[in-house]
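Data first, discussion second: the structure below is written as structure tokens.
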Amino acid sequence: MTYYRTAQDQVNEVMAFAMFLLFTGFALEMVRSLALDEDQGRAGLPKGTRSKDQQMRHLPSVFGRSKGSALLPRIQDGGERLPAQYRDLIGWIGRPWPERSLLALTDLLPAVIAGEKERKIDAVLRQLKEGVEGIQQGDNFRAFLVTMSRFHNYSLGNQMLIMLQKPGATRVAGFNTWKDLGRWVKKGEGGIAILAPIMPPKRKADQQNREKEDAAKGEEESEPELAEPRPLTFKVVYVFDVNQTEGKPLPEFEAPVLTGDANEGLFSDVLALARAQELQVTFDPMPRQDPGVKGFYSGKTIWVRPEESRAQQLKTLLHEMGHYYTEGVFHIPRSDAETIAESVAFTVGAHFGFDSGTRSFPYVALWSKDKKVLEQNLAAIRRVAAKMIESLEEVEKKAGRNAW
């Protein structure tokens, strides 16, 4: 395993080496001054005075032999031995002066940049976490989640029945559910017929215990316990759309669509990155697609809704690229795919100066619901975002633009 020193460790090491050089020079200066005073005493000159020749001979004794020469400490010329921890630094200090000074950390720059990049990603992730948690802790958000939990996820067959009977329906629930939510069905409104399963009656606890005991004894007559009971039959029940009710308003919560222009350089780079990954990006109209769907990733294709603003298109493109890297590159399970993809879109965009927080924060809050979901996925988000940022910087270099 390769060990990488942090930028702070390297700077501390250089500063310690600089202090070592200064102390060594000061010590040599004191020794030479004492020796010179003895020579002057023997020559009958007052202590502390030096001839011009002595001064010129003394000046290069520590920092070289002439003006413009290399900055080579005298300790390399057979004097005091250089400590082991500083030997790897002397090579770049012994270069022409003043083109390279002691504090010109040219050779350390790549490591410094890598450290800055990591800190920048971590700072963006903290901003994301704080923004999402701020929304999730709000009373309105919690009320919204409680309300939405009252609405059932209907089967595909029931969804088709609802669409055929009331194409404009958005939120449907039974009469009693609407009553619990503080709303009542309007007079004269007809219900939407759907099918509800009739489940077998639950077996009594003592009967279940006997069956488990029989199964443990290995008796053949014991009936195997089903993991999930199947419905015996179906019955028709009626539900009503929110527009057929009146009463207490439902709590609203949405992730606003981004408006305005986008970072066109980043937009072009993301498209180039998609092409490099052999992905096809299309902006073709899809009028039958749900207006709430701004884009999707499927196989080798990314679709972005063409009617949206340029800023929303860029955010969607980053989101779908996040899906590609999550699933196609790192093969991360899809359990929290939307939370990861949107968090990656925000992190990568923010790294390049594109802020999508007004949509990303509520979007992630809706998909994660519990703040633990985001916390559990931060490592995956960081991996995917760092890979995308690295890939986009390579695209920038090929295009002749400096990412930094």
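The values are calculated or read from the model by the stated rules, or taken from the named source; none is laboratory data. As the structure is a prediction and not an experimental result, all values here were calculated from the model. For neighbour counting, all protein chains shown are included, and Cβ atoms are generated from backbone atoms with ideal geometry for every residue, glycine included.
Hey, among the residues in segment 147-172 that are surrounded by fewer than 11 Cβ atoms within 10 Å (Cβ to Cβ), over 18 Å from residue 243 (Cβ atoms) and of a type outside the set (Gly, Ala, Ser), which one's modelled with the highest pLDDT?
Restricting to residues being surrounded by fewer than 11 Cβ atoms within 10 Å (Cβ to Cβ), over 18 Å from residue 243 (Cβ atoms) and of a type outside the set (Gly, Ala, Ser), the top hit is 156.
Within segment 353-404, track down each residue that is in contact (Cβ under 8 Å) with a residue 60 or more places away in the chain, among the hydrophobic types (A, V, I, L, M, F, W, C) and surrounded by fewer than 18 Cβ atoms within 10 Å (Cβ to Cβ).
378, 386, 399, 404
Within segment 255-311, how many residues are outside any loop (DSSP other than H, G, I, E, B) and touching a helix residue (DSSP H, G or I) at 6+ places or on another chain (Cβ under 6 Å)?
Residues flagged as outside any loop (DSSP other than H, G, I, E, B) and touching a helix residue (DSSP H, G or I) at 6+ places or on another chain (Cβ under 6 Å) within segment 255-311 amount to 10.
Out of 257, 304, 293, 281, which single residue is over 19 Å from the mean Cα position of the chain (by Cα) and closer than 25 Å to residue 130 by Cα?
257
Test residue 320 against the criterion of being more than 21 Å from residue 131 (Cβ to Cβ) and either surrounded by fewer than 16 Cβ atoms within 10 Å (Cβ to Cβ) or of a type in the set (S, T, N, Q) (or both), and give yes or no.
It is false that residue 320 is more than 21 Å from residue 131 (Cβ to Cβ) and either surrounded by fewer than 16 Cβ atoms within 10 Å (Cβ to Cβ) or of a type in the set (S, T, N, Q) (or both).
Take residues that are more than 14 Å from the chain's Cα centre (by Cα) and tell me which of the helices (runs of 4 or more DSSP H) falling wholly in segment 321-404 contain 1 or more.
Ranges flagged: 357-368, 371-398.
For every residue, the table says whether it meets (1) touching a Ser or Thr at 6+ places or on another chain (Cβ under 6 Å); (2) polar (S, T, N, Q); (3) in a helix (DSSP H, G or I); (4) at positive phi.
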position	(1), (2), (3), (4)
126	no, no, yes, no
135	no, no, yes, no
140	no, yes, yes, no
152	no, no, no, no
159	no, yes, yes, no
176	no, yes, yes, no
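Under 6 Å between Cβ atoms, which residue pairs at least 6 apart in sequence (or on different chains) link something in segment 164-178 that is touching a residue at least 60 places away in the same chain (Cβ under 8 Å) with a partner that is of a type in the set (Phe, Trp, Tyr) and in a loop (DSSP other than H, G, I, E, B)?
171/151; 173/151
Keeping to segment 268-292, report how many residues are in contact (Cβ under 8 Å) with a residue 12 or more places away in the chain and in contact with a strand residue (DSSP E or B) (Cβ under 9 Å, 6 or more places away or on another chain).
The total comes to 11.
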